[in-house]
């Protein structure tokens, strides 16, 4: 039996709301990069990943009832846009490092959700999140490969901020 938004327990609705916030932010990261009119290789990278993130967002939105969606979507859009736009103003490598940092966090976040003890009651949601996580791992690996080499001290600080911001966003989105 398919789980509909109406059947979701409060804890799962909160988790999916955090996923909605994250996928919204991801969509806007790529829109932020694209706003800088990047070169062809980065543009294609962004368009491919944007399509995946838009699909994830649509599927999460289909699970959440309208009243269960994040009230902070405008903030997630702005934060995502800046998270893509700012590094794109620096370099392509900065974008790839940023995407790798974001996806490292997202992988851990989805993994935590998938192993949640009560998730076994929602196998179709668990399967969907596992598929999303596989996509995000692919994004992380591709971005890390394209970034090449070790990040500078400044890039490490930026990536730390990206991860910390993602953690804060999840906590907020679970509540609002």
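Show the residue pairs that are 6+ apart or on different chains and have beta-carbon atoms under 6 Å apart, the first residue being within the range 67-81 and over 13 Å from residue 18 (Cβ atoms), the second being crowded, with 17+ Cβ neighbours inside 10 Å and at pLDDT below 95.
Final answer for the pair search is none.
Please determine whether any residue of the range 119-129 is surrounded by 13 or more Cβ atoms within 10 Å (Cβ to Cβ), under 23 Å from residue 164 (Cα atoms) and at pLDDT 95 or above.
Within the range 119-129, one or more residues are surrounded by 13 or more Cβ atoms within 10 Å (Cβ to Cβ), under 23 Å from residue 164 (Cα atoms) and at pLDDT 95 or above.
State whether the residues of the range 123-132 include one that is out of contact with any strand residue (DSSP E or B) (no Cβ under 7 Å at 6 or more places or on another chain), more than 19 Å from residue 52 (Cα to Cα) and outside any helix (DSSP H, G or I).
Scanning the range 123-132, I find no residue that is out of contact with any strand residue (DSSP E or B) (no Cβ under 7 Å at 6 or more places or on another chain), more than 19 Å from residue 52 (Cα to Cα) and outside any helix (DSSP H, G or I), so the answer is no.
The values are calculated or read from the model by the stated rules, or taken from the named source; none is laboratory data. This is a predicted model, so every value here is computed, not measured. No Cβ is skipped: glycine too gets one built from the backbone with ideal geometry, and neighbour counts run over all protein chains shown.
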